[in-house]
Amino acid sequence: DGIPLGELARSDLRAAVVAQDKDPVLLSGTLAQLLDVPRSGRVRIQDAVEAASAYDVLDALIDSSPDVSDPLHARITERGRSLSGGQRQRLALVRSFVADPPVLVLDEPTSAVDSHTEARIASSLREMRAGRTTVVLTSSPLLLDVADHVVLVVDGRAAAEGRHRALMLE
């Protein structure tokens with residue numbers, strides 16, 4: 001919002017910026033507890049699940065909790081160990097999308113998903129984060145192609161900047 005980071009109180013900065021690691025840790029509990037995060041109210045859980053291409057993850061949670069019919073009440077095992085890396089990444093994306101922070105930092109958010117799922121997530125990312133700042137650390141051409149601005153970092157320095165397709169032609 002035009003305020004230099006150095007002028008923000010640490011608590012305000014922590015509330016404004018959410019970072020998601022490429023290997024997210026999911027605490028044990030229900031999906032509802034996982035998604036019980038401070039949120040803007042702008043993003044519905046169903047929309048976040050769709051954008052993260054995670055409906056099959058909800059089905060897997062139901063399958064592993066036969067006594068539960070609502071995926072929000074399905075249990076996630078300790079650290080999400082019963083889920084694949086891609087399933088954990090997508091649930092973490094759902095949580096990040098629902099939180100809808102002003103600034104979201106994603107570190108290789110689709111590194112553990114197949115290319116078809118990654119394409120669906122990439123096509124939804126721009127719409128899901130419209131009006132917000134999203135920084136994606138990635139080497140994925142699918143994610144780079146939807147970025148407004150790409151910075152190529154080589155040896156810790158910005159080597160080139162621009163749109164992904166234009167950088168590909170250089």
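Structure above, values below:
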item: Residue within the stretch 79-94 that is farther than 23 Å from SER140 by Cα, without any contact (Cβ under 8 Å) to a residue 24 or more places away in the chain and not hydroxyl-bearing (Ser, Thr, Tyr) present; result: yes
item: Which listed residue, of LEU13, LEU35, LEU31, LEU27, is open to solvent by 60 Å² or more (accessible area, probe 1.4 Å), over 16 Å from PRO109 (Cα atoms) and either at pLDDT 95 or above or in contact with a Leu (Cβ under 8 Å, 6 or more places away or on another chain) (or both); result: LEU27
item: Pairs where the first residue, in the stretch 13-41, is farther than 28 Å from SER139 by Cα and the second is open to solvent by 70 Å² or more (accessible area, probe 1.4 Å), C-beta under 6 Å, 6+ apart; result: SER28/GLU78; THR30/HIS73; THR30/ARG75
item: Residues located in the stretch 107-138, provided they are more than 22 Å from VAL57 (Cα to Cα) and free of Cβ contacts under 8 Å to residues at least 12 places away in the same chain; result: ALA130, GLY131
item: Elements of type helices (runs of 4 or more DSSP H) in the stretch 75-166, at least 3 residues being out of contact with any helix residue (DSSP H, G or I) (no Cβ under 6 Å at 6 or more places or on another chain) and buried (at least 18 other Cβ atoms within 10 Å of the Cβ); result: 85-99, 115-128
item: The lone exception for ASP1 - which of (1) within 22 Å of SER140 (Cα to Cα); (2) open to solvent by 80 Å² or more (accessible area, probe 1.4 Å); (3) assigned to a loop (DSSP other than H, G, I, E, B); (4) not β-branched (Val, Ile, Thr) it fails; result: (1)
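The values are calculated or read from the model by the stated rules, or taken from the named source; none is laboratory data. Being a predicted model, the structure only gives us computed values, none of them experimental. For neighbour counting, all protein chains shown are included, and Cβ atoms are generated from backbone atoms with ideal geometry for every residue, glycine included. Only protein heavy atoms, including side chains, enter the accessible area calculation; ligands, DNA and RNA are left aside. Shrake-Rupley method; radii C 1.70, N 1.55, O 1.52, S 1.80 Å.
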